[in-house]
Amino acid sequence: MIPGITTGIGSQSIDYNAVAYRTGVILVEDPGYCAIDDDIRDRTCWEQKKNTDSKKAEIQRFGLAVSSVSCNILSISKIERFFNEPEYYNFTPSEYRDRLFFTDIPYHYNISVKSVGAGIDYYSVGGPVPECEYGYIRRLVKVKEYIPTATIDLTISDNWDEDPDSGLKTYTVAMNFSTLLDKSINPAYRIDPSSETVTIDMTNFAETLNKSSSPPGPATHANLTKIELRRGGILFDLDPAAIDGNNAPSLPQNVASNISLIVEPEDYHGKITSLDQIEIIYTFDDSPSRTNISGTFNYNYSTVSPPQLKDGVVEVTVW
Amino acid sequence: MERLNDEGQWIVLMGFLVCVGILFLSFILSQSTLVGQSTSEGVLEFPKDDIQDLRSEIIGFSGNSGIVDNLGVQGNLMGDISMLAINRQNTVCTFSLTRSGDDVNMNIHFNNGVVEYDETSTLP
Amino acid sequence: MNDESGVSEAIGFMLLFMITITGIGLVTLYGYPMLLDQQISTDERNMEQLMINIQGDIKLLTHSNVPYRDVSMNVAGGSLWVYDYSDTSQLFTISYSGSTDTVFQPGEVQYTSDGGYAVITVENGAIVKREQNSEGSTMLAEPRWFYDENTKTFVIFLTRFKADNTCSLSGIGNLPMSMCDAPQVADPSSPGGTVTITYTKDSADDYSKAWENYFTGSSIVDGGLQKTGASYVLSPVDHLVVKTYNISIGRM
Amino acid sequence: MVNEEGQLYTIEGFTAAAIMLITAYFVFGAATVFVPGDVHISDMQLEQMGSDALMMMDTPENRTEAENPLKRSLLERCVQGNDPVLFNSAFTDYLRDVTGATMYVDDIQYNATVYYRIDATNDIKSYHFSHSTRGELICREPAVSVTRWVYCDGKPLGSPADNRKQDVLMEVMLWRG
């Protein structure tokens with residue numbers, strides 16, 4: 001009888017499974033939402049917000065999907081920012097709660113992701129999962145991997161031009177966003193440098209060195225003075241990630257075999273519209289050593305292999 | 001002895017007060033109607049996955065010119081989808097794909113008696 | 001001084017105990033009738049909840065084509081009865097543009113309260129409730145019939161209970177339900193046709209008010225079906241789909 | 001006049017109340033009330049899993065696959081090529097995939113059927129496609145079902161379906177075994 005009277009009390013408890021379900025849906029089927037500013041392309045690119053308190057506060061909702069039309073396909077950049085791997089935003093538990101659970105109830109949570117194919121062994125946020133009862137949902141997803149590295153092989157004759165009297169030499173990497181972000185391509189399969197990191201490797205420099213240069217005899221290396229990112233007239237200088245295997249070099253620098261360049265979407269300062277053309281221009285000095293390098297690399301779907309989708313799994317527990 | 005008796009009275013009085021209080025509160029709570037449908041039933045009932053599936057299937061068709069431009073094939077597929085949907089999913093489904101210039105206009109209609117979904121969009 | 005306090009504690013305990021017993025006595029005397037009423041209404045509300053659970057599982061069986069479900073439950077303050085469709089005399093008659101009528105007997109899963117007057121029934125996908133020995137009935141949860149205005153399709157789900165024999169349950173038990181044969185689907189079409197539905201009541205177990213409210217309400221179609229005499233009419237219906245599910249209820 | 005003893009009185013008051021309630025519980029509690037809580041939670045989780053697994057099998061892995069209208073995804077390849085073995089291994093892998101955050105162990109059984117329409121008679125027919133090791137006896141299992149549309153550019157190999165471009169419906173029954 002007394003339990004009968006208290007029936008109503010029992011049925012008022014929180015349905016943690018429903019909370020976990022809702023959180024799972026927000027995470028895997030939504031790209032997130034943030035206030036628009038100069039640094040980002042659109043409201044779903046919350047992961048490109050600058051790492052300052054005021055910018056972080058503009059992120060209104062987390063979501064890991066690549067776009068709102070591709071459910072269960074997650075962006076690896078969003079995953080990294082969300083799980084703070086590598087360390088970046090360092091969100092506090094209350095920030096996760098505000099942007100994911102939308103409630104004042106101080107839920108405990110654990111959210112984890114695994115995608116062996118995309119190189120994610122195990123990322124998680126929140127406390128360890130308790131022994132007691134908790135709300136749970138598991139979602140199967142695909143993780144859109146990073147854009148594969150574009151390799152410019154300088155042994156290909158188009159990339160150099162034998163010229164014994166070479167002066168200042170430049171090499172251009174051209175990205176046309178109207179072809180890259182063409183609307184007929186599903187966002188899940190796009191090469192999208194405005195939201196993901198682009199890696200460009202220039203290899204086999206030896207072939208392009210000016211064998212006949214004088215003095216003092218055949219060149220042993222080229223001299224890279226700067227790398228510029230140009231959009232119309234606007235210029236930014238970029239630093240190469242590695243030259244000949246040495247990380248974070250300072251320019252100018254001598255190059256004997258290869259240059260590796262990593263361009264972050266943040267570098268564009270979000271000013272790309274789908275009609276823009278971006279050029280990355282490598283400039284090599286005339287002295288003391290010469291190179292024959294010359295040409296243009298068109299960064300598009302036929303020269304870069306498109307990103308693959310890899311299987312993954314996301315688990316959400318709430319208690 | 002007098003002093004201890006005093007304490008006993010206090011305890012009993014407190015006991016009564018708290019007891020009456022708890023009973024009163026539980027009466028009030030039990031008056032609230034029980035929730036008719038639980039959250040997970042609501043989730044099971046809402047055909048989110050069915051609609052997403054239908055959408056992705058028809059968007060898949062839109063990239064296949066053998067379906068968009070061949071009304072016979074489209075009619076066949078439409079027959080498949082509407083008959084299978086009413087038989088297996090208890091849903092009324094219709095769709096159409098028409099070419100206009102470079103784009104394809106897509107119409108989807110979905111109704112299962114609980115949720116009705118209509119979409120008209122242009123696919124590049 | 002020590003001796004005194006020892007004696008007083010014993011007496012104190014006895015006083016406390018007596019007062020507690022007296023308290024319980026008072027509750028029994030005055031609170032009991034009130035609690036009993038509360039118990040009955042709690043039981044009935046629990047059964048309403050349970051019926052909604054049963055209906056949820058029936059939805060899974062019928063709308064999601066799952067072959068088997070069971071509901072574990074505790075029937076308190078009354079008993080739960082299962083009536084085979086052939087043992088009930090209520091009828092749904094559906095006719096479509098002059099074609100042969102579909103005559104359908106639903107069968108019932110019914111709870112009858114011992115202490116109170118409530119009768120709660122799951123029939124034909126709906127949960128209906130009435131009071132014993134009085135007129136009128138209400139529908140607690142509706143079936144999922146619908147009319148699609150785009151295609152002018154009227155979809156009717158008929159759910160029939162089959163049981164080897166009438167059986168009842170009170171206390172803790174299990175209600176195993178299975179649907180091992182595929183539903184029968186009839187889908188005649190007749191552009192601009194008219195569908196007429198008639199509910200024939202069982203005068204001992206009458207839910208005509210509940211069904212009338214459902215048919216004339218706006219859950220099937222905005223504005224509801226037209227009531228003409230004892231029948232309900234919907235037009236135009238280009239396409240009628242009637243799906244008949246047979247749910248077998250095993251031994252409880 | 002207020003001293004710490006007041007706290008003690010309150011605690012004792014609660015204790016007394018608890019004693020009285022428990023006594024009353026034992027006296028009248030013979031008729032316990034059973035609330036059939038939310039029994040559909042695990043169904044909801046299972047259904048989400050199943051439709052996710054089918055969706056992932058039906059998601060092309062890259063642009064080349066996505067733009068090939070004939071065989072876009074693993075699921076379409078399985079159905080068209082009538083390859084239940086491939087389906088079984090892929091589907092089972094999806095159902096078992098976990099991150100490792102919880103000790104959650106699931107043994108999920110399934111039974112997949114393909115439904116198709118005969119154009120000439122407008123009838124719906126089906127054939128059994130694949131099932132897990134203990135996935136045959138489905139008449140006594142509290143299952144849930146999930147569906148997925150599959151496009152076939154011709155007759156699915158070795159099936160009784162029509163030989164034409166068609167859409168079939170894959171229906172998978174899932175339960176915890």
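Read the figures in this text as sums done on the coordinates, not as results from a lab. Everything numeric in this text was worked out from a predicted model, so none of it was measured. Ideal geometry is used to build each Cβ from the backbone, glycine not excepted, and the neighbour counts take in all protein chains shown.
Each residue of the range D:162-174 is assigned a 3J(HN,Hα), and the resulting list reads 4, 9, 7, 5, 8, 10, 10, 10, 8, 10, 10, 8, 10 Hz, derived from the Karplus form 6.51 cos²θ - 1.76 cosθ + 1.60 (θ = phi - 60°), x at Gly and Pro. The fraction of Cα-Cα pairs per 10 angstrom bin, counted from 0 for the range B:40-123, comes to 17, 50, 26, 7, 1 percent, rounded to whole percents. Summing Cβ point charges (Lys, Arg +1; Asp, Glu -1) relative to the Cα centre of the protein assembly as shown gives a dipole of roughly 1500 debye.
Axis angle, to the nearest 10 degrees, between helix A:16-29 and the longest C-alpha principal axis of chain A: 20 degrees.
Longest exposed-loop-site-free stretch of chain A, with GluC sites (Glu not before Pro), DSSP loop and at most 12 other Cβ within 10 Å? Excluding the exposed sites themselves, the longest stretch runs over A:163-319.
Take every pair of alpha-carbon atoms less than 8 Å apart whose residues are at least six positions apart; their mean separation over the length of chain A yields a relative contact order of 26 percent. Entry for the protein assembly as shown at q = 0.08 Å⁻¹: log10 I(q)/I(0) = -0.88, Debye formula applied to identical alpha-carbon scatterers, no solvent contribution.
3J(HN,Hα) along the range A:258-265, derived from phi through the Karplus expression 6.51 cos²θ - 1.76 cosθ + 1.60 where θ = phi - 60°, amounts to 8, 10, 10, 10, 10, 10, 8, x Hz, with x in place of Gly and Pro. Here the Kirkwood formula puts the hydrodynamic radius of chain A at 22.2 Å, using every distinct Cα pair.
Close amide H pairs (under 5 Å, H built 1.01 Å from N) link C:Y245 with C:L158, C:T159, C:R160, residues at least 5 positions away or on another chain. Spin-label pair A:E58-D:R164: with each label point 7 Å from Cα along the Cα-Cβ axis, the two points sit 5.6 nm from one another. Only Cα sites of the range A:57-153 enter the Debye sum here, all with the same form factor; the resulting log10 I(q)/I(0) across q = 0.15, 0.17, 0.19 1/Å is -0.69, -0.88, -1.08, listed in q order. Considering only A:T52, A:T208, A:T23, the Gaussian network model of chain A with Cα springs below 10 Å gives its largest mean-square fluctuation to A:T52.
In order along the range C:79-92, phi translates into HN-Hα couplings of 9, 9, 10, 10, 10, 4, 4, 6, 8, 9, 9, 6, 9, 10 Hz, rounded to whole numbers, per the Karplus curve 6.51 cos²θ - 1.76 cosθ + 1.60 with θ = phi - 60° and x for Gly and Pro. Close amide H partners of D:Y104, meaning residues 5 or more places away or on another chain with modelled amide H under 5 Å apart, do not exist here. When Rg and Dmax are taken over the Cα atoms of the range D:96-136, they come to 17.0, 53 Å. Residues considered: A:Y136, A:Y89, A:Y122. Largest GNM mean-square fluctuation over chain A, using C-alpha springs under 10 Å, is found at A:Y122. A simple charge model with +1 on the Cβ of Lys and Arg, -1 on the Cβ of Asp and Glu and nothing else charged puts the dipole of chain C at about 720 debye relative to its Cα centre.
Just A:D182, A:D104, A:D153 to compare: in a GNM of chain A, with alpha carbon springs under 10 Å, which one fluctuates most? The residue that fluctuates most here is A:D104. Quote the relative contact order of the range B:40-123 in percent (integer), defining contacts as alpha-carbon pairs under 8 Å separated by 6+ residues. Reported relative contact order: 22 percent.
Over the range A:40-108, the Kirkwood radius and the radius of gyration, each from Cα atoms, give a ratio Rg/Rh of 0.95.
The Cα center of the range A:95-134 and the Cα center of the range C:163-213 differ in position by 46 Å. Considering only C:G25, C:T62, D:M57, the residue lying farthest towards the positive end of the dipole of the protein assembly as shown is C:T62, judged by Cα position with unit charges set on Cβ. For A:Q60, the residues whose amide H sits under 5 Å from its own are A:Y33, A:C34, A:A35, ignoring neighbours fewer than 5 places away on the same chain, with H placed 1.01 Å from N.
Averaging the sequence gap over all C-alpha pairs within less than 8 Å and six or more residues apart, then dividing by the number of residues, gives the range C:54-185 a relative contact order of 33 percent. Of the trypsin sites (Lys or Arg not before Pro) found in the range C:177-252, the ones in coil according to DSSP and having at most 16 other Cβ atoms within 10 Å of their Cβ are C:K201, C:R251.
Exceedance of the 27 Å cut-off in Cα-Cα distance is limited, within the set A:K50/B:K48; C:K152/C:K227; B:K48/D:K155; A:K142/A:K226, to A:K50/B:K48; B:K48/D:K155; A:K142/A:K226.
Per residue, the convex hull spanned by the Cα atoms of the range D:51-176 measures out at 112 cubic angstrom. For the range C:143-252, a Kirkwood hydrodynamic radius built from all Cα pairs, placed in the Stokes-Einstein relation at 37 °C and 0.692 mPa s, yields a translational diffusion coefficient of 204 µm²/s. Taking only the Cα atoms of chain C, the ratio Rg/Rh comes out at 1.22, with Rh defined as the Kirkwood radius.
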